[in-house]
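A.B. asks: Pasting a structure here, questions to come.
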């Protein structure tokens, strides 16, 4: 009898052990409630706004694809890059060009989409100074204190750092501000002589053209609408990083001016971890393209307190080779950037 009991218990244990892997496999399928897709955003603007907008995007994606998503906003750009490699089969990210290159070259991340803003598939770095500063040219930045968002920010660090090396400019004290709005604030509050942040052209599509001054001439106007604060100069809406602190400092457009802008930079990306399932990736990409075509989606994406996106376009990795060239030209190592 004892032998039969042991045989029966052994058979039962074997059945449990055989069943467990299949059950665990079902529980760990990417995109389920038990293992949602990790949707990352970089902290380039106010985190609360990113989370609210990210949740709206995730809700649409869930409805369109049937997958579950979890929105995440780490405290640094570098953390997003690291997460692209930490679990490469369930992670996707809205990540700028430099962050994408680092994630691609280090972890095999792959780009699917680039953002479009008011007809532009690229953006710029801007050099900001106090409007009453004695700095009137980029060459005069030599020895001056410099505020920038993060060493893994394309417009905030890589592009200006590359320019400085090429032109023999050596900034003085450096202030790692932690984000674009914080970099603007550093100049506004006198913590730095200049800052570098992202620049998006003013106005609506077609109003600003290459060769025009970065900021139009004319009267500065501030408009408040249901809690949102917008700035206009000469009737054209301002869309660069200074708008990130308009809600706190409504005179920022009078106090912080654009000294110059850089050459164009490829827009930020929607990228996926190296092992992300191909079918799921394509469904998500198509859903994002569709989302940008809806009134609801455009309202969320184009909010200038969020990422000010008006559309997406499919791209491949080769578009970002100029970013790789800048990194190599500066002699930067990953540890220099991912601090």
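The values are calculated or read from the model by the stated rules, or taken from the named source; none is laboratory data. Quantities reported herein were computed from a predicted structural model and do not represent experimental measurements. Glycine also receives a Cβ, built like all others from the backbone with ideal geometry; neighbour counts cover every protein chain displayed.
A.B. asks: Please work out if residue 181 is part of a loop (DSSP other than H, G, I, E, B) and either without any contact (Cβ under 8 Å) to a residue 60 or more places away in the chain or in the same structural domain as residue 145 (by TED's automatic domain parsing) (or both). Explain how you work it out, then say what you get.
C.D. replies: On the way: part of a loop (DSSP other than H, G, I, E, B): no; either without any contact (Cβ under 8 Å) to a residue 60 or more places away in the chain or in the same structural domain as residue 145 (by TED's automatic domain parsing) (or both): yes.
So residue 181 fails the test.
A.B. asks: For segment 84-101, enumerate the residues that are touching a residue at least 12 places away in the same chain (Cβ under 8 Å) and surrounded by fewer than 16 Cβ atoms within 10 Å (Cβ to Cβ). First the steps, then the outcome.
C.D. replies: The initial filter retains those residues of segment 84-101 that are touching a residue at least 12 places away in the same chain (Cβ under 8 Å), namely 84-85, 87-101.
Of everything in segment 84-101, those that are touching a residue at least 12 places away in the same chain (Cβ under 8 Å) and surrounded by fewer than 16 Cβ atoms within 10 Å (Cβ to Cβ) turn out to be 87, 89.
A.B. asks: For the subset of segment 149-178 comprising residues that are within 15 Å of the chain's Cα centre (by Cα) and not in a helix (DSSP H, G or I), which member is nearest to residue 116 (Cα to Cα)?
C.D. replies: Taking segment 149-178 and keeping what is within 15 Å of the chain's Cα centre (by Cα), we get 149-158, 178.
Applying the additional criterion that residues be not in a helix (DSSP H, G or I) yields 149-153, 178.
Working: 149: 22, 150: 23, 151: 24, 152: 21, 153: 18, 178: 25 Å.
For segment 149-178, the residue satisfying everything is 153.
A.B. asks: Any idea which of (1) touching a residue at least 24 places away in the same chain (Cβ under 8 Å); (2) under 30 Å from residue 136 (Cβ atoms) is the one residue 251 doesn't satisfy?
C.D. replies: All conditions are met except number (1).
A.B. asks: Looking at segment 231-248, which of the residues that are out of contact with any helix residue (DSSP H, G or I) (no Cβ under 7 Å at 6 or more places or on another chain) and in a strand (DSSP E or B) is farthest from residue 49 (Cα to Cα)? Show your work before the answer.
C.D. replies: Keep residues of segment 231-248 that are out of contact with any helix residue (DSSP H, G or I) (no Cβ under 7 Å at 6 or more places or on another chain), which gives 232, 234-237, 239-240, 243, 247-248.
If we keep only those that are in a strand (DSSP E or B) as well, we get 232, 236-237.
Details: 232: 21, 236: 23, 237: 20 Å.
Of everything passing the filter in segment 231-248, 236 is farthest from residue 49 (Cα to Cα).
A.B. asks: Is it the case, given these coordinates, that residue 104 is outside any strand (DSSP E or B), in the same structural domain as residue 319 (by TED's automatic domain parsing), surrounded by 16 or more Cβ atoms within 10 Å (Cβ to Cβ) and at pLDDT 95 or above?
C.D. replies: Details: outside any strand (DSSP E or B): yes; in the same structural domain as residue 319 (by TED's automatic domain parsing): yes; surrounded by 16 or more Cβ atoms within 10 Å (Cβ to Cβ): yes; at pLDDT 95 or above: yes.
Taking the combined requirement at face value, the residue satisfies it.
A.B. asks: Kindly provide the set of residues from segment 48-84 that are modelled with pLDDT under 90 and part of a helix (DSSP H, G or I), ordered by number. Steps first, answer last, please.
C.D. replies: Of all residues in segment 48-84, those modelled with pLDDT under 90 come to 75-78.
Those that are modelled with pLDDT under 90 and part of a helix (DSSP H, G or I): 77, 78.
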